[in-house]
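A quick write-up on the structure given underneath.
The values are calculated or read from the model by the stated rules, or taken from the named source; none is laboratory data. These numbers come from a predicted model, not from an experiment. Cβ coordinates were reconstructed from backbone atoms using ideal geometry, including for glycine residues, and neighbour counts include every protein chain displayed.
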Amino acid sequence: VRPPIRVLITGAAGQIGYALSSLVGHGELLGKSQRVILHLLDVETATEPLNGLKLELIDSALPLLTDVIATTNPTEACTGVSIAIMVGGFPRKAHMERKDIMAMNGSIYSKHAYALEKYACKGCKVVVVANPANTNAVILSQCAPSIPRKNITCLTRLDHNRALGQVAAKLNIPVNVVKNVTIWGNHSSTQYPDVNHGCANGITIRNAIRDDNWLDNEFVSIVQQRGAAIIKARNLSSALSAASSVCDHIRDWVLGTPPGHWVSMGVISDGSYGVPEGLCYSFPVTCKDGDWNIVQGLDIDARSRQKMDDTARELEEERRLAQDYLQSL
Ligand code: NAI
C-alpha cells in the first residue's frame, strides 16, 4: 500500500476550502487509491470554523482520508506536504486599489513562500488559487527561490472548464467530447478564451458551431465575465466549481493528461508564444510523469495575438506593483 500524501489547503475555513477538502477526501485530487493527510491552514480568527471543518471531515468517514491537521501555524501546515493548494488571501473589494490588494496578498504569499521552502517536501507541487492568482504565484516563486519554478502554478482551469461548458451547451453535447480550448493569460477579465484549435465531437469547434460572430464576441465575454455572473447570482464567488477545477488541475498534473488532450494552467513563462519570461501566464499544457509542458507550434492569428498581448500587459503591470511591494520590505 502506498503511504498517504500530505496535502496543504490554505484558507481552508473559507468557502472554497469547505468544498475542496471533501473532494480531496473522496479521491478527486489524486485518484481513488491514494490516501491523503489533509493539512488545513487558516488565520487565528477562523480557528472555530476551521475546527468545525475538521469535525465534519471526521464525520464523513472517508476511507482515503488518513488524518486531518487543522492549524493556524504555517510551519506546522507546510511540514512534509507534497501538494500545496493556496486558497488563503484577501479578495479585492470594490473600494480597494490594486496596489493595496497586492500589498496584502504580497505579505501573505511571501510568508507562505518561506514556510513552504523550508518545510514542504522537495518537489512539492503548488497551485495558487487566491486572487490575484497569477501574481500571487510570481510573489511565491520569487520568495521561495529554491522551489523549482516549474512547481509553482496558478489556477486557470476553472476558466478552461467554463469555456468547455459553454461550447457543450451551445452544441447540446456532453462536455467530455469537447477538448483543447485554451485560456491565455491572466485569471481576470482580460483572459483570452481561445477555441481556434479546439474540437467538439471530432470536428473543429468553429465548424461545429458555425457562428464565428458568437465565438468571437459573446462566448469570449461570457467566459471572461462568468466569475462576476456567479457573484451576482450567489452574492458569493464561485466555490464548488473552483474546488472541482483545483482537483482537475492537480490530478492532471500528477497523473497526466489523456493522449491528444491539453488543459490550461497558469505557469511561469519561459518566453513561449512571445509571452514575457517570468510572468505567470495561462498556457495550453500537456502533463506526463508529474511534469507539464507548454503545447508548442499553435498558429496564432492577429486577433488572438492582440488579446494575448493585452492580458500579458495587465500581468506586467501587476508584477510591477508586486515588485514595488517586495522592494519596500
Ligand atoms: P473566503 O473569503 O471564503 O476564504 C478565504 C480564506 O482565507 C478565509 O477563511 C480567510 O480567513 C483565509 N485567509 C486569509 N488570510 C490567510 C492567511 N494569511 N493564511 C491562511 N488563511 C488565510 O474566499 P473563497 O471564496 O474561499 O476564495 C478564496 C480565494 O480564491 C479568493 O482570493 C478568490 O478571489 C479566489 N478565487 C479564485 C478562483 C480562480 O479560478 N483562480 C476562483 C474562485 C475564487
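Name the single residue, out of those in the range 101-139 being in a loop (DSSP other than H, G, I, E, B) and not charged (D, E, K, R), that is farthest from Ala13 (Cα to Cα). In this case the residue turns out to be Gly123. Here Gly106, Gly89 are screened, and the one residue that is within 9 Å of the ligand (Cβ to nearest atom) and within 30 Å of Ser188 (Cα to Cα) is Gly89.
When the residues of the range 140-152 are filtered to those that are in contact with a strand residue (DSSP E or B) (Cβ under 9 Å, 6 or more places away or on another chain) and either within 11 Å of the ligand (Cβ to nearest atom) or in a helix (DSSP H, G or I) (or both), the one that is nearest to Val129 (Cα to Cα) is Leu140.
Here's the yes/no breakdown for (1) farther than 25 Å from Leu29 by Cβ; (2) in contact with a strand residue (DSSP E or B) (Cβ under 7 Å, 6 or more places away or on another chain):
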{"position": "Ala94", "(1), (2)": "yes, no"}
{"position": "Ile101", "(1), (2)": "yes, no"}
{"position": "Ile108", "(1), (2)": "no, no"}
{"position": "Gly165", "(1), (2)": "no, no"}
{"position": "Ala168", "(1), (2)": "no, yes"}
{"position": "Gln191", "(1), (2)": "no, yes"}
{"position": "Gly202", "(1), (2)": "yes, no"}
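Considering the range 76-100 alone, what residues qualify as being under 23 Å from the mean Cα position of the chain (by Cα), surrounded by fewer than 20 Cβ atoms within 10 Å (Cβ to Cβ) and part of a helix (DSSP H, G or I)? Answer for the range 76-100, where residues must be under 23 Å from the mean Cα position of the chain (by Cα), surrounded by fewer than 20 Cβ atoms within 10 Å (Cβ to Cβ) and part of a helix (DSSP H, G or I): Arg98, Lys99, Asp100. Restricting attention to the range 285-329, the residues that are under 19 Å from Lys125 (Cβ atoms) and within 19 Å of the chain's Cα centre (by Cα) add up to 9. Among the residues in the range 187-202, are any within 16 Å of the ligand (Cβ to nearest atom), at pLDDT 95 or above and within 30 Å of Ile5 (Cβ to Cβ)? Yes, because at least one residue in the range 187-202 is within 16 Å of the ligand (Cβ to nearest atom), at pLDDT 95 or above and within 30 Å of Ile5 (Cβ to Cβ).
Consider the range 16-45 and keep the residues that are part of a helix (DSSP H, G or I) and crowded, with 20+ Cβ neighbours inside 10 Å. The one that is farthest from the chain's Cα centre (by Cα) is Gly25.
Scanning the range 273-292 for residues that are more than 22 Å from Ala144 (Cα to Cα) and surrounded by fewer than 17 Cβ atoms within 10 Å (Cβ to Cβ) turns up Gly274, Lys288, Asp289.
Any residue that is under 19 Å from the mean Cα position of the chain (by Cα) and among the aliphatic types (A, V, I, L, M) - is there at least one of those in the range 208-221? No, there is no match, as no residue in the range 208-221 is under 19 Å from the mean Cα position of the chain (by Cα) and among the aliphatic types (A, V, I, L, M). Just one of the listed residues (Ala13, Ala61) is surrounded by fewer than 22 Cβ atoms within 10 Å (Cβ to Cβ), of a type in the set (A, V, I, L, M) and either away from the ligand (no atom under 16 Å from the Cβ) or part of a loop (DSSP other than H, G, I, E, B) (or both), namely Ala61.
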